[in-house]
Every structure is written in structure tokens, then in C-alpha cells.
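This report refers to the structure that appears directly beneath it.
The values are calculated or read from the model by the stated rules, or taken from the named source; none is laboratory data. This is a predicted model, so every value here is computed, not measured. Cβ coordinates were reconstructed from backbone atoms using ideal geometry, including for glycine residues, and neighbour counts include every protein chain displayed. Protein only, heavy atoms only, side chains kept; ligands, DNA and RNA dropped before computing areas. Shrake-Rupley method; radii C 1.70, N 1.55, O 1.52, S 1.80 Å.
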Amino acid sequence: MLRVLDARTAPPRPRLGDAVAVLPPPGRVVRIAAPPLLLAAAGSRGSSPAVRGAALSALAAVWAFTYSRYRKRGLQQTAREWELMRTGTLEAFSRHYNECVPTLEEELDLWGEYHGHRHEMRYRLVSNRVRRAVEDAQGPVDVLDVGCGAALVADQLRDAWLRYVGLDFGGHHITFAADKHRNGSPGRLQASFVAGDAERLPFRDASFDVVVWSEVIEHLMRPELAVWEVARVLRPGGTLVLTTNNASEMPLRLPLSDPLAFLEKALGFRHDWLISERPWVWPWPVDRSILPAGSRDVWMPHTWHKQAETSRLFAAAGLTTRHASTFEFPPPQSRTARWLDRRGAAGRRLVDALEAVCIRVPLVKRLGCHVLMVAERTGDPVAPPPPGIWPGPFSS
Ligand SMILES: C[S@@+](CC[C@H](N)C(=O)[O-])C[C@H]1O[C@@H](n2cnc3c(N)ncnc32)[C@H](O)[C@@H]1O
């Protein structure tokens, strides 16, 4: 069963050539070393105005060159991934999620404590938002968790007076979550579980006060259908709590050698057209054992979301975004995250401290790996979703 790991959060695979990567190629040395040297020359009291001007011009040229390469490669990579996503089929999607993807709890056991710790933070964040959304409720509250996986959000809400329904596409996730909640310590939460598809929810209109949708939308072939479904099953005034990959995630670069890449990502949080690199697919094709013999590689969606674009999608479906922020700094693929991982409990305390700082610093606070969006159902979705409302390859 355990064939797939989350490529973003699994400990990075050793790469061929890691041993020589410690010796950076000459172009990289220039990109890293030139900006501080030029800044020092421009800022030095002993420098003449001509030297200062030359140093600043050279700095602007290095930054512009570095960024133009970054942007060009980002756009090319995005176009490549968009094409790869077209290989996806509903059959491969169904077999992949039912036969290859382990439950979240199994994955957490494999990843180790550092990654588990970061996921716990997300479950706390989401469950706190659910509590906030229902704090003034007079009667029983209905919560739907779309793509509930191992129902780790429900675990955080066991003490709450809620009627919780967990829905997932993968039958084994539902069995696992239902068994856990049957056998686990009794709480006030009334939990039930249903197998189903986010793109066709098996519930009546306006059945839920809160919909939780955490780390699921990025996996869907036609996310707009699911957004419309979520809006349909929410009661007017109901709340959607969503988390997903953030296309504005902090670049894996040094801020001084490529500040424009950071600026692109930070400003791109509100102005999505700025963002050049936007992954669409999981970094590896699906396991060949689920494909017919001789078939070509098939890639599954794993889309980084642009907050402003997703907000527009919500608005078209009658959902008004009330809150958008990011969390999880630094990216799990970064050297810093690997270093923190090796520090054990101290690393986990340090990453918490880093998180507390990053969410307060202007612009930096938009660069977390994940975005949290809270939306309210304020209108009625016009059906069906208008053409072009989502730029994915399966949307019309
Ligand atoms: C990364 S896991 C997140 C699980 C859970 N929400 C959590 O935060 O722990 C993604 C989940 O989405 C489910 N999923 C994928 N496509 C789905 C669909 N079309 N409908 C419902 N669930 C889906 C997968 O089976 C998987 O359990």
C-alpha cells in the first residue's frame, strides 16, 4: 500500500551529485558573492560618487539578470507541468488515490517527528478556525471535512459539540478514520464517515455550517467543480476553512542574490499574474503498476494555488474570502528545514520560533509554504462554473 510519499514534505531524496554540489559552479559564486561586495562598495564612506554609482548600476544589472533567468525558467517549468498534467485520467486518479496513497497517519510515521510537528501545527490552525466559526452557534453545528484522510482535524475537535462528517475519495482512508474514531477515547464530537468525490458531493444543498478542506484542492483535476459543490452544501453565512500549497512560497534562494524573486512571490500573493513558477503536478508520475501495460507516464495534479486567483474562484461561486494568510516557513525542501530536522526537539522549538517571527514580518508573512483561506457563503453559485474560471487543462 505504501508506495507514495508527499514529495514536498518527505525528507528529500539523496540526489546524484550531492557530493559535488558543495562546490558551486562559477556563475553561482558570482551571483552569491557579487551583491554583498557591490553593496559594500556602494555603501563605503571612502567610495567616490562615481564608484558608488558604478557599484549600484552593476548591482542592478546582476539582480536584473538573475531575476530574468529565474522568471524565464519558472515560466518554462510551469508550461511543462501544465502539459504533464494533461496526461492525467480519471481511472488513474481513482486507482492512485485508492491503491497508492497511504493514510496521513502512516505517512507521518514515515516522515519523522519534524514533519509530523509541522502537520500538527496545520491541524491546530484549522481546528481553531472551526472553533471560531461556531463559537456563537445556538444549536448543533454540522461540519463537513472534504478529503478528510485519516481525520486528523477531527482528532483536534473531539471535545467540541459538533456533528462531523468526514468524506474521502480513498476507501481505505475512510475505513482507517472510522475505525480510529470508533475505538478512540470518547469525546463530544459525533463523527461519521462517507466515501465520495469532492467534485460530486453526496449531500443536499445547504447541509453544513462549516466545510473544512485541508490540503485537498491541489490534488483535484477540476477544482472549480469542487468549489461549486462546497458552496452548494454550505448554509448561507456558513464558513469554508481551506488550506493548500502556496504558489507564493518562499523561493529556495538567497534573498540578497535574488531579491526580485522574493518580491515577485510576495507581491504575487495579491497580484497573481506576477508569479512565474507554478507547479501543477506531483514531481513523479504515478506508479506504473496501476497503468495498462505499455502506457506512457501519467502525472497527477498537485497544484500550487495563487491566493488571489483562488479568491476570484471563490467569489464566482458565491464565497467571499474573509481571511488569507500563509504558514509553514521555511519550505521543507530547503537546507534550513533539513538542518532543523536533524536538531530533534530543539529544531522543533526553533521552527516554532521562526514561524512566530515570519507571520509578523510584512511581505515575508506571505511566503509560507501553505495558504490558509477562510471564506463565507454570501451568495449563490451560478451553475455551471463559467468557462475559463480555472486555468487547468481539464477545465473548459
Ligand atoms: C494530503 S491528503 C489530506 C488529508 C486531510 N485533509 C489532512 O489534512 O490530513 C489529501 C486527501 O484528499 C483525498 N482526495 C483526493 N481527491 C479527492 C476527491 N476527488 N474527493 C475527495 N477526496 C479526495 C485523498 O484521498 C487524501 O486523503
Given the criteria in contact (Cβ under 8 Å) with a residue 12 or more places away in the chain and under 30 Å from A133 (Cα atoms), does L291 qualify? no
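Tell me, which residue of segment 157-174 that is away from the ligand (no atom under 12 Å from the Cβ) and open to solvent by 60 Å² or more (accessible area, probe 1.4 Å) is farthest from L234 (Cα to Cα)?
Result: D159.
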Screening A92, A133, A178, A154 for residues that are over 19 Å from A231 (Cα atoms), assigned to a helix (DSSP H, G or I) and more than 13 Å from the ligand (Cβ to nearest atom) leaves only A178
Just one of the numbered conditions (1) farther than 12 Å from T103 by Cβ; (2) at pLDDT 90 or above; (3) assigned to a helix (DSSP H, G or I) is not true of R163; which one? (3)
Mind telling me which of the residues E215, E199, E224 ends up being within 10 Å of the ligand (Cβ to nearest atom), within 18 Å of the chain's Cα centre (by Cα), of a type in the set (D, E) and modelled with pLDDT of 95 or more? E215
Taking V194 as meeting all but one of (1) of a type in the set (A, V, I, L, M); (2) surrounded by fewer than 18 Cβ atoms within 10 Å (Cβ to Cβ); (3) more than 11 Å from the ligand (Cβ to nearest atom), write down the number of the exception. (3)
Restrict the check to segment 66-87 and report whether at least one residue is away from the ligand (no atom under 16 Å from the Cβ), of a type in the set (A, V, I, L, M, F, W, C) and in contact with a strand residue (DSSP E or B) (Cβ under 9 Å, 6 or more places away or on another chain). yes
Residues within segment 100-120 that are surrounded by fewer than 17 Cβ atoms within 10 Å (Cβ to Cβ) and touching a residue at least 60 places away in the same chain (Cβ under 8 Å), tallied: 4
Would you please name the residue that is most open to solvent (accessible area, probe 1.4 Å), looking only at residues in segment 9-57 that are in contact with a Phe, Trp or Tyr (Cβ under 9 Å, 6 or more places away or on another chain) and modelled with pLDDT under 50? P11
Given the options R69, R86, R80, name the one that is under 24 Å from R222 (Cβ atoms) and without any contact (Cβ under 8 Å) to a residue 12 or more places away in the chain. R80
So, first residue at negative phi and part of a loop (DSSP other than H, G, I, E, B) in segment 206-222, second residue open to solvent by 10 Å² or more (accessible area, probe 1.4 Å) and more than 14 Å from the ligand (Cβ to nearest atom), Cβ within less than 6 Å, six or more apart or across chains; the pairs are R222/S395
